[in-house]
Amino acid sequence: MYEVYVAAQFEAAHRLVGDFGPATRTHGHTYRMEVILRGERLSDEGVLYDVGELRSAVEDIAASLHYRDLNDVPVLAGVNTTAEAVADYCWERLAPPLRGRGLDALTVRVWESPQVYAAREDSLA
Amino acid sequence: MYEVYVAAQFEAAHRLVGDFGPATRTHGHTYRMEVILRGERLSDEGVLYDVGELRSAVEDIAASLHYRDLNDVPVLAGVNTTAEAVADYCWERLAPPLRGRGLDALTVRVWESPQVYAAREDSLA
Amino acid sequence: MYEVYVAAQFEAAHRLVGDFGPATRTHGHTYRMEVILRGERLSDEGVLYDVGELRSAVEDIAASLHYRDLNDVPVLAGVNTTAEAVADYCWERLAPPLRGRGLDALTVRVWESPQVYAAREDSLA
């Protein structure tokens, strides 16, 4: 099994709704997004997936969230902006063009700090 | 599948027993403990598990080992203090309150340095 | 399930062949190689595998690629020097002496930078 990984970063504000103590105040993070593709076979050129192409897709999502308050971003309307929810959103946005290309799975990890992340991993089949 | 991750750090001395060369001398590490929970479903509030609660449990264990000689810590008596054994101990201490809460698996990674870790991963079911 | 991990580093040049834009020019990376062993059981001494021994094997491979142009390294002749291909080469070189020692799987991750890696993971059984 092979994997390729790319990472990108964005700075955003957010606040949680619910029983989350100080995290219910508007605050922010230097978010780090890590994206991993898994699959069984390399192309004739020796890659699982073109990392340059993947990186460009990941950078586009990071740019769309950069220097924003996640609680005001229209695509996250009605969503509690937990790291899990942000990972979910990025996963759903990345997955469609990756399907049908011989890949098995996609993981998106969203780091709020070097001490905390949430991730979503699911099949692309 | 979702994951949440938290990390903590502690400074401790130890020495190995057996055929481990210089590691049989008392030495020490800036240990980094990484803890990962896995599960299939988010709560209504959009979390797999409250990261604040998890972090507090992980910090408690780190604090109990901080600035100690692991070979003198009573809960590790009779244990060869390999990174595997420390991961085992932390796993067993963290797991009980996590069972029965809809989580699938718990991983504990114990880094002795940025170049070396040992981990234990097992089901919480 | 247990894991042990070691990391090493090497500085090398390379260039890709194919539709990879600027990556087809000779350039270089501070490569980081991460190696992970997985298995179910610890030895009587409390280790999955002697990390010192693993580290020595990994450092040997890193040293053999250090300060080289990967496109001129004889063992990579005819190979497009993608991170996937370098991971493949390191995997095949590390695996033989690890078989038959009660280990389940070997992963080799080859980082070209802190933003990009490729990995190969396969069974040792």
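Contact residues in the stretch B:1-23 by the 30 Å² criterion (accessible area, 1.4 Å probe, full protein complex versus chain alone): B:Met1, B:Tyr2, B:Glu3, B:Tyr5, B:Phe20.
What does the net charge come to around B:Ala105 if you take all other residues with beta carbon closer than 10 Å to its beta carbon, with K and R at +1 and D and E at -1?
Numbers: positive: B:Arg38; negative: B:Glu3, B:Asp104, B:Glu121, B:Asp122.
Taking every Cβ under 10 Å from that of B:Ala105, the sum is -3.
Residues C:Asp104, B:Asp44, sorted by accessible area with the largest first, give B:Asp44, C:Asp104 [1.4 Å probe; ligands and nucleic acids excluded].
Using only protein heavy atoms and a 1.4 Å probe, how much accessible area in total is buried between B and A, to the nearest 100 Å²?
Values: alone 7040 and 7010 Å², together 12550 Å².
Counting both chains, the buried surface is close to 1500 Å².
What percentage of the solvent-accessible surface of the protein assembly as shown, computed with a 1.4 Å probe over protein heavy atoms, is contributed by carbon and sulfur atoms?
Carbon and sulfur atoms account for 49 percent of the accessible area of the protein assembly as shown.
Distance between the 7 Å Cα→Cβ label points at C:Ala13 and C:Ala125: 4.5 nm.
The distance between label points at B:Arg68 and B:Glu92 comes to 1.4 nm (points 7 Å beyond Cα on the Cα→Cβ vector).
Relative to the longest principal axis of the Cα atoms of chain A, the long axis of helix A:83-94 makes an angle of roughly 40 degrees.
Can you give the calculated 222 nm mean residue ellipticity of chain B, where each DSSP H run of n ≥ 4 adds -39,500 (n - 2.57) and the sum is split over every residue, rounded to the nearest 500 deg cm²/dmol? Write out the running numbers ahead of the final one.
Numbers: 2 runs with 27 residues, N = 125.
It lands at -7000 deg cm²/dmol.
Just report the Cα centroid separation between the stretch B:17-34 and the stretch C:1-68, whole Å. Here the answer is 22 Å between Cα centres. Label-to-label distances for A:Glu40 across copies, nearest first, come out at 2.3, 2.3 nm, using points 7 Å from Cα in the beta-carbon direction.
When the inverse distances between all different Cα atoms of the stretch A:8-109 are averaged and flipped, the Kirkwood radius reads 14.9 angstrom. Calculated over the stretch B:1-41, the projected area of the Cα convex hull averaged across directions stands at 4.2 nm².
State the Cα centre-to-centre distance between the stretch C:93-125 and the stretch A:77-117 in whole Å. Answer, in whole Å: 26.
Phi angles of the stretch C:107-124 translate, via the Karplus equation with coefficients 6.51, -1.76, 1.60 and θ = phi - 60°, into HN-Hα couplings of 10, 10, 10, 10, 8, 8, 6, x, 9, 9, 9, 10, 9, 10, 10, 8, 5, 9 Hz per residue; Gly and Pro are given as x. For the residues of B:110-121, the average number of beta carbons from a partner chain within 10 Å of their own beta carbon is 5. Under the classification rounded if a/c is under 1.5, otherwise prolate if a/b is larger than b/c and oblate if not, where does the protein assembly as shown fall, given a ≥ b ≥ c as square roots of the Cα gyration tensor eigenvalues? Since a/c reaches 1.5 but b/c is at least a/b, the shape of the protein assembly as shown is classed as oblate. Calculated accessible area for the protein assembly as shown comes out at 44 Å² per residue, all protein chains present (probe 1.4 Å; ligands, DNA, RNA ignored). Helix C:51-65 and the longest principal axis of the Cα set of chain C meet at an angle near 10°.
The values are calculated or read from the model by the stated rules, or taken from the named source; none is laboratory data. In this text, all values refer to a predicted model and were calculated from it rather than measured experimentally. Backbone-built Cβ (ideal geometry, glycine too); neighbour counts: all protein chains shown. Side chains included, ligands, DNA and RNA excluded: accessible areas come from the protein's heavy atoms. Shrake-Rupley method; radii C 1.70, N 1.55, O 1.52, S 1.80 Å.
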